[in-house]
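These notes are about the structure you will find just below.
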Amino acid sequence: MNLSLYLLIASALGPCLLTFTVGYFSTSLVSTYHEHLPIAVREAFKTYFIPSKFSDSSNSDLRIIKWNTYLSELDDGDAVEKNSSEDIKKKISTKNAKQLASGSQQVLVDLQDLDTVFLDSEKAVESGFLTFVKKLGIFDAFMYECHRAIYNEGVRCMGYAGSETISLYTWPKLGVLSMNVLCNRSDPWSSIVPLASEVFGASMTSNKPSLLWSLKQRNTSKLTWMAYSPSSSSMSGDTNSIGSVEVSSDTDGVHFKPASASRSVVKDDVRQQNYDQIYFEALVHPIMFSHDAPKSVAIIGKGTGATLREVLKHKTVEKVVIVGTDDETLQVNKKLYTQHSDCSTLEGVAPYCYDDARVELISDETALEWLLGDDDDDSDTTPDDLFDVIIFEKSNSLWSLPEDTESIFDSISDMLSANGVLVVPHDDLGSSNAHTIFDILAGVGFEAIHRYEEFIHLDRLSFIACFNNIETRALWFTSAAELHVRMQRNLIRTTLNEVPIMYWFDEATMMAYQLPSRSVDDDFCNQPQKPFMCDEGHGFDPEVPNAPISSFAVGISRIPGAGRGIFFQTDVPKGTFIAADESVYDILFYPSTTSIVNDMIDYLDSSEFLHYSSLFYTYLFGYGFAFEYFGKAGYLVDTGILTFINHGCNGTGVMGEGEPLITTEMTAHLERMPAELENYGTETHVYNPFIDRNNMRIITAGDKTLYDIKAGSELVDNYLRYLHEGNWKSGVLDYRAQCIASGKGVVTGYEERKSSSSASNEEFHFHPPKEPRL
Ligand SMILES: C[S@@+](CC[C@H](N)C(=O)[O-])C[C@H]1O[C@@H](n2cnc3c(N)ncnc32)[C@H](O)[C@@H]1O
């Protein structure tokens, strides 16, 4: 690979590339810049090229400030020290200096033949970066970040102070360090270039080290222009949003600004971020793992191939439909973003991802046409036509079509399978229309919506994950260990038989995505009409008194046949928290754990069950209270004496959240949950970041006394509030039976069985398994 191409790729993948420094070491660029463009770009954009940068003499702004090879012209290796600002100034004509006296400047410096070890050390480069900034005199207000390059070797540093932005990249194998400084100085060359050689030149290794630099005036539309804008609509089908190529008239000719899929590229004083790998992993994997075994996936956008590559890492995938791009775009992308569509390291996938037999390209329709389709065909839709996962690569254009947004999402929701999931990036969720978006998504029938974010440098990437069926949400809230198992199971191997093949996404990353950030929560709750529960505030309200666990004692319940019960030891006023100090320590059984326990009960025959599992079963289902916030029923069990709270028959329960329930087990309609319970659980809220962030506290420790209570009273609850639609009828009948003493609860039943079996001294006999256990 030649140097230019290497740098092109390296830069395209660098996380915070500001300007591409192609060909700084290639003197041939001085003469004809455009011949050094990659062929694909030349072909695609040749009509845009300025015929000759030198021919237009009337346009004096276009004159170059000549890039300088002064170091290599010097005799020997100690050139760095001789490198005074006077040397540099001499190289710049007064005329050119005047041109640069106003406006912002961009100084590009490349140093070659630096020490590889130095260039590969994050610590050393960071320290050099900071020394440079200190000497430049802007350290006080400087914010920065240094990190290793994700794809490539080397280190990336980026920082700013006021309007000055400094970025630095190293390519250790090439011995190259590149700096890019955007500033507002009248004499940037005299401060920046000598300083770069002073700070970093010390690590030069060769006898003829090179320092190349160029200086440009920015903010002048004549100087640079975009051939190709990624910020325009990707849905309209008339522009391409995969990246941008900026052609400047300077000597080095062309700057590539690889567009991240979430950000539009800013012209001129660019602060271009390229998050590639992080972005695409954050976009794809959380949603792919929110489906148990995604088979059919649709990708909407004009991406570079990286979304497809990430999708193809999931071995359950049988079909990927790509909408909104075309062959021509793909050809350009293949050249510009070679690694993005490179699936050669993925076992069993075509080397060029788009060649994979599972990929179907829809290029005769725009994304919008495809999505809105012709409704008349709905009757022909078979389950095979539905998608398990739909991924929008970008969102800008989507949200900018307010009149269509609802019908688009309605259509998407219809295109999804029963457990289908959708992810849409959204980088403007702070805007006023953000809340409307969630209303629209809930309105078209998504049962659960989660917003998650990724932070790169100082920028926030925001994504919305939508679930057609709330049960799928259990996969969103999977534990790290469960996800680890699923990753091992669902991800394909690399050609080296390795897993994982992620650079960024992993189990712990997913844990961070599960709950929205505090700012999302605040933004949500700051709506003029406060959404459900937002008035609860964060954490326990210090104004609300708490009856600590020491205020309660265990005794024999006053309810006949109920066994133990809990009693107040002191008077407790209405509205007091019930042992908030201890109730937060519940044991959590995930829905998946609960379902394994149920499978185990089915699997064991009755004597095995009695021997192995009935105590545990009783503990879980007799003492646990179900909650469905995770989509499917999980259980929480109080670890202390609060677990002995009984059900108060005939509406005698004295604890709860808000108002007492009117419905009792005797008055309840068996086929229908009462309206007062419909909105009772936190899980019924499709999108509520406040609940997401506070739910465990709310579920475990939100209960208060509903009345003024006298010492000696029994603390009883209304168990109806733990029922849900799925078990409403059986639950009501169960409590009814207990209340009229015609039936026994799980705990009483267990204790009676236990005492009668020990009375008859029944022995346990192990039965060999009926079927081999696999
Ligand atoms: C969470 S436990 C309560 C503590 C239990 N009483 C004990 O002694 O361990 C729930 C069990 O208590 C019993 N129970 C609770 N409320 C009852 C009631 N109102 N009538 C009869 N039994 C009740 C049932 O056996 C039920 O399975």
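Multiplying the sequence separation of Ser344 and Arg460 by 0.36 nm and subtracting their Cα-Cα distance, what value in nm do you get?
Extra length from Ser344 to Arg460 when fully extended: 38.7 nm.
Rounded to the nearest 5, what is the percent of antiparallel bridges among the DSSP beta bridges in the stretch 276-514?
The antiparallel fraction comes to roughly 50 percent.
If I take every Cα pair under 8 Å that is 6 or more residues apart in the stretch 546-759, average their sequence separation and divide by the length, what percent do I get for the relative contact order?
Contact order relative to length: 30 percent.
Rounded to the nearest 0.05, what FRET efficiency is calculated for Arg564 and Arg493 with R0 set to 60 Å and r the Cβ-Cβ distance?
About 0.65, to the nearest 0.05.
Give me Rg over Rh for the stretch 626-672, both radii from the alpha carbons and Rh done the Kirkwood way, two decimal places.
Ratio of gyration radius to Kirkwood radius: 1.01.
With 17 Å as the cut-off, how large is the P(r) tail for the stretch 537-652, expressed as percent of Cα-Cα pairs?
67
Just to check I understand the Karplus step: with θ = phi - 60° and J = 6.51 cos²θ - 1.76 cosθ + 1.60, what whole-Hz values come out for the stretch 439-448, glycine and proline as x?
5, 4, 4, 5, x, 7, x, 5, 8, 8
With equal scatterers on the alpha carbons only and no solvent term, can you work out the Debye log10 of I(q)/I(0) for the stretch 546-759 at 0.18 1/Å?
-1.55
If each residue's Cβ is checked for other Cβ atoms within 10 Å, how do Ser550, Ser407 rank with the fewest at the top?
Arranged by neighbour count, lowest to highest, Ser550, Ser407 become Ser550, Ser407.
Per 0.36 nm of contour for each residue apart, how much would the distance between Tyr585 and His147 grow if the chain were fully extended, relative to their Cα-Cα spacing?
Going from the current span to full extension adds 153.8 nm.
Classify the stretch 276-514 as rounded, prolate or oblate from the Cα gyration tensor: take a ≥ b ≥ c as the square roots of its eigenvalues, call it rounded if a/c is under 1.5, otherwise prolate when a/b beats b/c and oblate if not.
Rounded.
Suppose the chain between Asp414 and Met511 were pulled fully straight at 0.36 nm per residue; how much longer would it get relative to their current alpha carbon spacing?
Extending this stretch completely gives an extra 32.0 nm.
Every read-out reported here was derived from the displayed coordinates using simple, explicitly stated rules and does not represent laboratory data. Note that the structure is predicted; figures quoted are calculated from it, not measured. No Cβ is skipped: glycine too gets one built from the backbone with ideal geometry, and neighbour counts run over all protein chains shown.
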